[in-house]
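Enquirer: The structure follows.
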Amino acid sequence: MEEVSTGALVPAVKPEPVSSSATVAAAALPPAAAPPPPEVAGDAAAAGASAAEQLDRDFLCPICMQVIKDAFLTSCGHSFCYMCITTHLRNKNDCPCCGHFLNSHQIFPNFMLDKLLKKTSARQVSKTASPIEHFRVALQQGCPVSIKELDSLLVFLAEKKRKMEQEEAERNMQILLDFLHCLRKQKVEELHEIQNDLQYIKEDINSVERHRIELYRARDRYSVKLRMLGDDHSMRKPWPSSMEKTPSGFTSSNISTQGNLSSGSLQSKKMETKAQVSSHGLQRKDTLSGSDSQHMNQSSLSVTRKKRVHAQFTDLQECYLQKRRQLANQPHFQDEKDKNVIHREGYNAGLAHFQSVLSTFTRYSRLRVIAELRHEDLFHTANIVSSIEFDRDDELFATAGVSRRIKVFDFSTVVNEPTDVHCPVVEMTTRSKLSCLSWNKYAKNHIASSDYEGIVTVWDVDTRQSLMEYEEHEKRAWSVDFSRTEPSMLVSGSDDCKVKVWCTRQEASVLNIDMKANICCVKYNPGSSNHIAVGSADHHIHYYDLRNISQPLHVFTGHRKAVSYVKFLSNNELASASTDSTLRLWDVKENLPVRTFRGHTNEKNFVGLTVNSEYIACGSETNEVYVYHKEISKHVTSHKFGSPDPDDPDDDAGSYFISAVCWKSDSPTMLTANSQGTIKVLVLAA
């Protein structure tokens, strides 16, 4: 509602009733002595206030615009603060008000104005002073007060003081009591949570102990069976020197029943029998020593895994409690996708899931290099690999980068033939530097690329020819991705702030999303051709339903810099990378942040991101590859690329960075490449 501008209103005071005698007396008064009507009194009060305000303005120094202190009068009749006018006359020889010539010998103390100022200040103090202050001033001015009055006043003040102290103490006690109640409530809730956690732990210990006993019994049964089988086999095996097989059947070697054996042949037979027994014993000792060695290796591995648990105990504890609380009353049912979890009767779902996490997390501690090759080009000195991707069957992998070439290699050849230089099985030349590749997951021979000129191209690897070229982007295209559920659809994002959806059966884009910031990455949801995730330079991830592009389904916020990559671990789990040196995991079903991963360094470059069902891997600007488990914030392991030419002292390995990474489906094998053109095949190892 619009306010109406009105003048200041004087509050109306209700007049007190007057007696008839007072009315008569007032009427008998002469006109000059009669009280003025309320309107006249109000005007007089307003005039008085205006006059007082004008008087206050007259007491202001024209230089500092504050109440004059130590008033001095000039020869031209103006008053100033002593410090103000003397400071002015050091620089100029004129009056600040009228400009009349003036020097320091023409200013004089204004005693009258000082006296008025002191009286005015005293009146102001009296208006705002408390009763105690008035009483103190009265005593200082010699107001007569008797001893009895002072005693009664002191008693009253003492009672007033005690009352105020009591009220203050009550207020403090109430504040303390409120705090203690809140603290008690919080601690009771924490205690209840701890008691529940202890109950979960007790139940899980009982379950694990019960199943461990079952495993021990099963192991003992298998050991007994193996021992019985071994003994049975040794009993059935004939002694080679005691019996010989002849065409007519089994007979004694020298027909000992006829008594023709000599003492020498009998002695040699005994020696052969002893040798056979001794040889058999040595074989059993070798077998035992081999099993002991294997047992020692298993024991050492167990100790190593326990050390990993203690090193990440806090994160593992949070993971266990989170899963146990979420799935407290749900029994475990074996899921087809849950390959790491063994179905055990009586296991809680939270315990089963945590066992899977613990198993996969402690299984590996390092990355081992199993193959390495150089992505060299005779015609281009720059060898940065911007993208590296496996095909549908993980048999081929393609690389692309600033060398303007797509190179396709046979993975088994690279791994099984140890040589530094491998020739690609297919090579395709492009017009511009390449930023991203995406294999079609249905048509094995189709691959899409995006380049620095904004062109999105679909290639046929068999014919080495482009099938479609889309040139609608106005600036560099950073990302392209084929849909997993609709093989003819692909999406791209560009520096022109546009996301475009393409169909390989059409020459123009079928959808266009205009955004406010540069697009750094796009990715289809693996379970739907209608949902895409878009990473942008506005630090956000925009999750769209392509059936309604007027606004995103959700905007995930949390990164502090541009989002460089987005990848789906599953239909509901999305990982993102940013130049704020963090990875983040999101739940796109519940629209919630799940976890933040830190450890690598990424402030300006595209360093790659790859995911599988359990692990997330990315590059670092320290020329290292980092691997994270999706349930733990700290990295599991890392691998640093060394200089390819250690004999070259001018080779600055610190200036290189990891530029592309790619898991081989759900296996522990990964392809990695750096800005120098070195490609390594790494595998997670214990």
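Enquirer: Got a sec? Which strands (runs of 3 or more DSSP E) wholly within segment 501-613 have at least 1 residues that are over 23 Å from I447 (Cβ atoms)?
Expert: 511-514, 531-536, 541-545, 554-556, 563-568, 573-578, 582-587, 592-598
Enquirer: Select from segment 452-493 the residues that are assigned to a strand (DSSP E or B) and free of Cβ contacts under 8 Å to residues at least 40 places away in the same chain and write down the one among them that is most open to solvent (accessible area, probe 1.4 Å). Let's see the steps before the verdict.
Expert: Of all residues in segment 452-493, those assigned to a strand (DSSP E or B) come to 456-460, 465-470, 477-482, 489-493.
Now restrict to residues that are free of Cβ contacts under 8 Å to residues at least 40 places away in the same chain: 457, 460, 465-470.
On the way: T457: 8, D460: 22, Q465: 112, S466: 49, L467: 80, M468: 41, E469: 82, Y470: 2 Å².
Across segment 452-493, the extreme among qualifying residues is Q465.
Enquirer: Between residues in segment 135-163 that are open to solvent by 70 Å² or more (accessible area, probe 1.4 Å) and residues that are of a type in the set (D, E) and not in a helix (DSSP H, G or I), which pairs lie under 9 Å by C-beta distance while being six or more apart or on different chains?
Expert: From segment 135-163, no pairs qualify.
Enquirer: Considering only segment 70-82, I want to know if a residue exists there that is open to solvent by 60 Å² or more (accessible area, probe 1.4 Å) and among the β-branched types (V, I, T).
Expert: Checked against the condition, which is being open to solvent by 60 Å² or more (accessible area, probe 1.4 Å) and among the β-branched types (V, I, T), segment 70-82 yields no hits at all.
Enquirer: If C143 satisfies all but one of (1) more than 18 Å from S75 (Cβ to Cβ); (2) part of a helix (DSSP H, G or I), what's the number of the condition it fails?
Expert: For C143, the failing item is (2).
Enquirer: Please verify whether segment 123-133 includes one or more residues that are among the acidic types (D, E), without any contact (Cβ under 8 Å) to a residue 60 or more places away in the chain and within 30 Å of L321 (Cβ to Cβ).
Expert: No, segment 123-133 contains no residue that is among the acidic types (D, E), without any contact (Cβ under 8 Å) to a residue 60 or more places away in the chain and within 30 Å of L321 (Cβ to Cβ).
Enquirer: Here is a further query. Filter segment 494-513 for residues that are surrounded by fewer than 14 Cβ atoms within 10 Å (Cβ to Cβ) and not aliphatic (A, V, I, L, M) and give the result.
Expert: R505, Q506, E507, N512
Enquirer: Please work out if R392 is over 31 Å from the mean Cα position of the chain (by Cα), within 26 Å of S483 (Cβ to Cβ) and among the basic types (K, R).
Expert: yes
Enquirer: Which one of V425, V458, V480, V522 is within 24 Å of A673 (Cβ to Cβ) and modelled with pLDDT under 95?
Expert: That would be V425, the only listed residue that is within 24 Å of A673 (Cβ to Cβ) and modelled with pLDDT under 95.
Enquirer: Being part of a strand (DSSP E or B) and surrounded by 16 or more Cβ atoms within 10 Å (Cβ to Cβ) is the filter here, so list the residues in segment 95-119 that pass it.
Expert: I107, the sole residue that qualifies.
Enquirer: Just wondering, is there one or more residues in segment 619-628 that are part of a loop (DSSP other than H, G, I, E, B), open to solvent by 20 Å² or more (accessible area, probe 1.4 Å) and at pLDDT 90 or above?
Expert: For segment 619-628, residues part of a loop (DSSP other than H, G, I, E, B), open to solvent by 20 Å² or more (accessible area, probe 1.4 Å) and at pLDDT 90 or above: present.
Enquirer: Can you say whether D650 is modelled with pLDDT under 90 and within 28 Å of W586 (Cβ to Cβ), as far as the supplied structure shows?
Expert: No: the conditions fail for D650.
Enquirer: Which one of the conditions (1) of a type in the set (D, E); (2) assigned to a strand (DSSP E or B); (3) in contact with a Lys or Arg (Cβ under 7 Å, 6 or more places away or on another chain) does D496 fail to meet, given that it meets all the rest?
Expert: Condition (2) is where D496 drops out.
Enquirer: Suppose the filter is open to solvent by 30 Å² or more (accessible area, probe 1.4 Å), touching a Cys at 6+ places or on another chain (Cβ under 8 Å) and of a type in the set (K, R); does K516 pass it?
Expert: Yes; evaluated as a whole, the condition is true for this residue.
Enquirer: In addition: If you go through segment 363-393 one residue at a time, how many are at pLDDT 85 or above and out of contact with any strand residue (DSSP E or B) (no Cβ under 9 Å at 6 or more places or on another chain)?
Expert: Keep residues of segment 363-393 that are at pLDDT 85 or above, which gives 363-373, 384-393.
Checking the rest, the ones that are also out of contact with any strand residue (DSSP E or B) (no Cβ under 9 Å at 6 or more places or on another chain) come to 393.
The total comes to 1.
Residues are listed down the side, and each one gets a yes or a no for (1) in a strand (DSSP E or B); (2) at pLDDT below 80; (3) touching a helix residue (DSSP H, G or I) at 6+ places or on another chain (Cβ under 9 Å); (4) small (G, A, S):
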{"position": "Q283", "(1), (2), (3), (4)": "no, yes, no, no"}
{"position": "Q317", "(1), (2), (3), (4)": "no, no, no, no"}
{"position": "L321", "(1), (2), (3), (4)": "no, no, yes, no"}
{"position": "R324", "(1), (2), (3), (4)": "no, no, yes, no"}
{"position": "K337", "(1), (2), (3), (4)": "no, yes, no, no"}
{"position": "I342", "(1), (2), (3), (4)": "no, yes, yes, no"}
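The values are calculated or read from the model by the stated rules, or taken from the named source; none is laboratory data. Nothing here was measured: the structure is a model prediction, and the numbers come from that model. Here Cβ is always computed from backbone atoms with ideal geometry, including for glycine, and neighbour counts include all displayed protein chains. Each accessible area value is taken on the protein alone, full model and side chains, heavy atoms only, with ligands, DNA and RNA left out. Shrake-Rupley method; radii C 1.70, N 1.55, O 1.52, S 1.80 Å.
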